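Right, one structure below, let's go through it.
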Amino acid sequence: MFNQLTNCAVDSALKAGKILKEGFGTSFEIFNKIGKNNLVTEYDKRSESIIIENIKSVFPDHSFVAEESGNSGNIDNDSIKWVIDPLDGTVNFAHSLPIFSVSIAAVKNKEILCGVVYHPILDELFIAEKGTGSFLNDKPIKVSKSTELDSAFLVTGFPYNVNSNPCGCIDHFVSIIQRGIPVRRLGSAALDLAYVACGRFDGFWEINLHSWDVAAGVIIVQEAGGIVTQYNNEKYWLDNQTLIATNGKIHNQICNVLIKCGCGINFGRNQK
Ligand code: IPD
Ligand code: CA
Ligand code: CA
């Protein structure tokens, strides 16, 4: 049903998820990365190694951008690049909270070709391939039908330096919850996006995400009929600072609220 690229992403995510599931709740090494409360565990690294090894065995000429090992492989710009978050939700994983995922996407020339997000504890596998729609465990999924922001169910996240309120992200949050809208913070941006795609949430917003957090989730939302833009409603690409993903119907409304807090325009990616 899917092409070789997508099948390879699925196979790699399942293998990595098996390792994470085995490690979940056991005692393992936890290290601090740059930034407050930014953790990495030995399982982030083990998951990443198995994913890259698996993809390389099928596509030896492709390149990689992966959270823990950075850029590797073919430096030819025209090659397919795999964008990998081996464990999205590390803080949850480190605290034995079963909300985390593996996120793998293949990208070429500013186009996401396929994306897979896998929640190993629930055994939920989200898959999208350009032009074929999105699926959860083989069943087609669609975004929700809600049309009113004020009766929407939303999810968000915060960067590790939230204490310095980068880009006014705390003000964004306040501007939404002040309207009485229920908002969740799950701690895995890849799952946040996948859950918008299958209609569990009507929308998601966050700043300063990395390509590996969102590449797979973005195509899963888009192929499920949703919309992903920057806060100013302009086209989103993986190095942009702001991201809003919705069912499409509440999109303009949420953009308007976030833009009214004076954020999301003219912020450079390095201005954190
Ligand atoms: C984090 C999660 C979290 C988001 C952070 C990300 P990590 O990724 O996606 O939901 O709010 O911005 O950095 O560190 O668990 O891979
Ligand atoms: Ca991540
Ligand atoms: Ca990660």
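The values are calculated or read from the model by the stated rules, or taken from the named source; none is laboratory data. Quick caveat, the model's predicted, so the values are computed rather than measured. Cβ sites come from the backbone with ideal geometry, for glycine too, and all protein chains shown count toward neighbours.
Tabulated data for the structure shown
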{"quantity": "Flag for residue 138 being surrounded by fewer than 21 Cβ atoms within 10 Å (Cβ to Cβ) and modelled with pLDDT under 95", "calculated": "yes"}
{"quantity": "Candidate set: segment 91-106, residues that are among the β-branched types (Val, Ile, Thr) and buried (at least 21 other Cβ atoms within 10 Å of the Cβ); chosen: the one nearest to ligand 1 (Cβ to nearest atom)", "calculated": "102"}
{"quantity": "Boolean, residue 72 is under 21 Å from residue 25 (Cα atoms), more than 16 Å from ligand 2 (Cβ to nearest atom) and among the hydroxyl-bearing types (Ser, Thr, Tyr)", "calculated": "no"}
{"quantity": "Options 11, 61; residue that is among the acidic types (Asp, Glu) and either in a helix (DSSP H, G or I) or in contact with a Pro (Cβ under 7 Å, 6 or more places away or on another chain) (or both)", "calculated": "11"}
{"quantity": "Unique residue being farther than 27 Å from residue 237 by Cβ, within 15 Å of ligand 2 (Cβ to nearest atom), free of Cβ contacts under 8 Å to residues at least 60 places away in the same chain and in contact with a Lys or Arg (Cβ under 9 Å, 6 or more places away or on another chain) when the list is 20, 39", "calculated": "39"}
{"quantity": "Any hit, segment 36-56, residues being within 16 Å of ligand 3 (Cβ to nearest atom), within 26 Å of residue 226 (Cβ to Cβ) and not assigned by TED's automatic domain parsing to the domain that holds residue 191", "calculated": "yes"}
{"quantity": "Residue selected from segment 72-97 under the condition of a type outside the set (D, E, K, R) and away from ligand 3 (no atom under 16 Å from the Cβ), by the criterion modelled with the lowest pLDDT", "calculated": "77"}
{"quantity": "Residue list for segment 21-46, filter: within 12 Å of ligand 1 (Cβ to nearest atom), more than 18 Å from residue 210 (Cα to Cα) and not in a strand (DSSP E or B)", "calculated": "43"}
{"quantity": "Residue ranges of helices (runs of 4 or more DSSP H) in segment 144-260 with at least 3 members within 16 Å of ligand 3 (Cβ to nearest atom) and modelled with pLDDT of 95 or more", "calculated": "189-197, 211-223"}
{"quantity": "Breaking point among (1) within 16 Å of the chain's Cα centre (by Cα); (2) basic (Lys, Arg); (3) under 17 Å from residue 148 (Cβ atoms), for residue 200", "calculated": "(3)"}
{"quantity": "Residue that is farthest from ligand 2 (Cβ to nearest atom) [pool: residues in segment 75-90 that are of a type in the set (Val, Ile, Thr) and surrounded by 15 or more Cβ atoms within 10 Å (Cβ to Cβ)]", "calculated": "80"}
{"quantity": "In segment 150-191, the residues that are within 15 Å of ligand 2 (Cβ to nearest atom) and free of Cβ contacts under 8 Å to residues at least 40 places away in the same chain", "calculated": "162, 185"}
{"quantity": "Options 55, 99; residue that is touching a Phe, Trp or Tyr at 6+ places or on another chain (Cβ under 8 Å) and of a type in the set (Val, Ile, Thr)", "calculated": "55"}
{"quantity": "Filter result for the condition that a residue is farther than 18 Å from residue 129 by Cβ, within 18 Å of the chain's Cα centre (by Cα) and either of a type in the set (Asp, Glu) or away from ligand 1 (no atom under 16 Å from the Cβ) (or both), over 88, 78", "calculated": "88"}
